[in-house]
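Worksheet: one structure, shown below.
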Amino acid sequence: MKIHRNFVINKPYGYICQFVYNGKRKKRMLGELGDFPEGTMSVGRLDEHSEGLLILTTNGKTSFAVRSKGIEKEYYAQVDGIISQEAIDKMKQGVEIGVKGEKYNTLPCKAFKIENPNLPERSRKIRDERHGPSSWVSVIVTEGKFRQVRKMTAAVGFPTLRLVRVRIGRLHLGDLKSGEYYELDEVAV
C-alpha cells in the first residue's frame, strides 16, 4: 500500500503552482521550496502573483475531494481605492466575469471590508500611497475559477493589487512565513 504525503505551504509571490515546467522562460516553481516527494501536486492553484495557503499532496483522491466539495476558501484582497459597501454587496450576490472566453456568473459568496491585516511585506513592492489609497476586503468563495477573486473585485470597480489566500476549510495560514511548509498526517478540511 502506497503511503501518501500531504503538506501545507505558504506560497510566495512569484512562484507557480507546478513542480515541472516545460515553458521557454524560467519560472520559479514550488518544488524549489522544499524536498517534496515525487508525484507531489498542488490542490487547487494560486496564480504566479498570488500568495498564501496551499495544500500539496501525493494523493490524487485527496486533491479531487478538496476541490470538489464546495469547501470555503478565504482570501484577503488589497484593492485599488476605498472599496464601497455597494461593491461588496454586488460581490456577495455574484458578479459576471469571463472564464475561458465565456461569460460566467459567480456563485453568491461572503465578502466584507477588513482593516489592514498586517501581512508580512511581499517580495515585490505593491506601490506607495502617492498612487492613491487602497483598502482590504475578505472574500470567501466555494468555487475556484481561474483568477476568480481578482476578476470579481475588478468587476465591481476595485482591481486587486495583492491577493493572499488565508484559509481553506478549517486550515488557516496562521503564522506560517512565506515559503515555509509543514507536513500533515491527513488533509481534513
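A single entry from ILE16, ILE97 fulfils the requirement of being over 20 Å from VAL189 (Cα atoms), free of Cβ contacts under 8 Å to residues at least 40 places away in the same chain and touching a Lys or Arg at 6+ places or on another chain (Cβ under 7 Å): ILE16.
The residue pairs whose first member lies in the stretch 67-89 and is under 18 Å from GLY144 (Cα atoms), whose second member is among the hydroxyl-bearing types (Ser, Thr, Tyr) and part of a loop (DSSP other than H, G, I, E, B), and whose beta carbons are closer than 6 Å, counting only pairs six or more residues apart or on different chains, are GLY70/THR142; GLU72/THR142.
Selection within the stretch 147-164: residues that are touching a residue at least 60 places away in the same chain (Cβ under 8 Å) and polar (S, T, N, Q). The member of this set that is farthest from PHE112 (Cα to Cα) is THR160.
Coordinate-derived values only; no laboratory data. Since this is a predicted model, take the numbers as computed values, not measurements. A quick note on method: Cβ atoms are made from the backbone with ideal geometry, for glycine too, and the neighbour counts reach across all protein chains shown.
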